[in-house]
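**Student:** Quick one: structure below, then a few questions.
The values are calculated or read from the model by the stated rules, or taken from the named source; none is laboratory data. What you see is a predicted model; the values in this text were computed from it and never measured. Neighbour counts run over all protein chains shown; Cβ positions are idealised from the backbone, glycine included.
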Amino acid sequence: MRIGELDVLTLVDATGTFTTVSEAFPALDSGEQWWLPINTVLVRGPEVTVLIDTGLGPGPRSFMPDAESQLPRELAQALAGVEEIDLVVHTHLHVDHVGWDGAFPNARYVVHADEWSFFSTDESLAGRPHLRDKSCRWPKQACSISSTPRPSSLPACAPFRRPATLRAT
């Protein structure tokens, strides 16, 4: 999909199940497995390439262990190498959103301050190896995403290896 100067593409990292329909939705009487696509979104602008979430990540892993994770292959098919990702924006820090963190050598990673505050405590990290093993403690003012509309750029984060402006016209 093209939005102004932005190319937006949904990529499927994996499809898998971890529960039944009834376990996920108690009001429904179904013993069938609840199958979910684990998606990421690639956004390319004239000056920056953004990946929204990083999917399940490579195996072995305890969550959806049988799901075949394919984000690097999906990126290659979209003609975007892992080195071209400038910014990773996390919608939240659940295990199925941070799996390929660290795979993008030129990227900065951002997440909302409230999400980071909740998940970055020692207590929270102790029970979440997917974050404990992949997170670093950033200085408080290192990066932020504002919930205030930013007509000229989204998100506001620095530094980048090249100018980073997304413009939706």
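**Student:** Quick test of your reading of the structure: THR19 fulfils all but one of (1) surrounded by 14 or more Cβ atoms within 10 Å (Cβ to Cβ); (2) assigned to a strand (DSSP E or B). Name the failing condition by number.
**Tutor:** Against the list (1) surrounded by 14 or more Cβ atoms within 10 Å (Cβ to Cβ); (2) assigned to a strand (DSSP E or B), THR19 comes up short only on (1).
**Student:** Within the range 22-35, track down each residue that is surrounded by fewer than 12 Cβ atoms within 10 Å (Cβ to Cβ) and in a strand (DSSP E or B). So that I can check it myself, show each step before the final result.
**Tutor:** Taking the range 22-35 first, the residues surrounded by fewer than 12 Cβ atoms within 10 Å (Cβ to Cβ) are 26-27, 29, 31-32, 35.
Residue satisfying the conditions is TRP35 alone.
**Student:** Continuing with this model, one more query. If a residue must be under 20 Å from GLU115 (Cα atoms) and not in a strand (DSSP E or B), how many such residues does the range 38-56 contain?
**Tutor:** Here the count works out to 4.
**Student:** Name the single residue that is farthest from the chain's Cα centre (by Cα) among those in the range 59-80 being in a loop (DSSP other than H, G, I, E, B) and under 14 Å from ARG44 (Cβ atoms). Explain how you work it out, then say what you get.
**Tutor:** Initial filter on the range 59-80 (in a loop (DSSP other than H, G, I, E, B)): 59-70, 78-80.
With under 14 Å from ARG44 (Cβ atoms) added as a condition, the list becomes 78-80.
On the way: ALA78: 17, LEU79: 18, ALA80: 16 Å.
Per the criteria, the residue is LEU79.
**Student:** Which is crowded, with 16+ Cβ neighbours inside 10 Å, modelled with pLDDT under 95 and over 30 Å from LEU125 (Cα atoms), of GLY45, GLY57, GLY4, GLY99? Steps first, answer last, please.
**Tutor:** Details: GLY57 fails: over 30 Å from LEU125 (Cα atoms); GLY4 fails: crowded, with 16+ Cβ neighbours inside 10 Å; GLY99 fails: over 30 Å from LEU125 (Cα atoms).
Of the residues listed, the single one that is crowded, with 16+ Cβ neighbours inside 10 Å, modelled with pLDDT under 95 and over 30 Å from LEU125 (Cα atoms) is GLY45.
**Student:** So, one more: Exactly one condition in (1) under 22 Å from LEU9 (Cβ atoms); (2) free of Cβ contacts under 8 Å to residues at least 40 places away in the same chain; (3) outside any helix (DSSP H, G or I) is false for GLU83; which is it?
**Tutor:** Unmet for GLU83, out of (1) under 22 Å from LEU9 (Cβ atoms); (2) free of Cβ contacts under 8 Å to residues at least 40 places away in the same chain; (3) outside any helix (DSSP H, G or I): (3).
**Student:** Residues ASP13, ASP86, ASP29: which one is at pLDDT below 95 and among the acidic types (Asp, Glu)? So that I can check it myself, show each step before the final result.
**Tutor:** Details: ASP13 fails: at pLDDT below 95; ASP29 fails: at pLDDT below 95.
From the options ASP13, ASP86, ASP29, the qualifying one is ASP86.
**Student:** Give me a count of the residues in the range 100-129 that are assigned to a helix (DSSP H, G or I) and of a type in the set (D, E, K, R).
**Tutor:** 4
**Student:** Here's a follow-up. Please find, among LEU56, LEU42, LEU51, the residue that is under 16 Å from ALA103 (Cβ atoms) and without any contact (Cβ under 8 Å) to a residue 40 or more places away in the chain.
**Tutor:** Working: LEU56 fails: without any contact (Cβ under 8 Å) to a residue 40 or more places away in the chain; LEU51 fails: without any contact (Cβ under 8 Å) to a residue 40 or more places away in the chain.
It is LEU42.
**Student:** Scan the range 60-80 for residues that are surrounded by 12 or more Cβ atoms within 10 Å (Cβ to Cβ) and of a type in the set (Ser, Thr, Tyr) and jot them down. Please lay out each step first, then the result.
**Tutor:** If we filter the range 60-80 for residues that are surrounded by 12 or more Cβ atoms within 10 Å (Cβ to Cβ), which is where we start, we get 61, 63-64, 67-76, 78, 80.
The answer is SER69, and nothing else.
**Student:** Filtering the range 81-96 down to residues that are in contact with a Ser or Thr (Cβ under 8 Å, 6 or more places away or on another chain) and more than 14 Å from THR40 (Cα to Cα), which residue is surrounded by the most Cβ atoms within 10 Å (Cβ to Cβ)?
**Tutor:** ASP86
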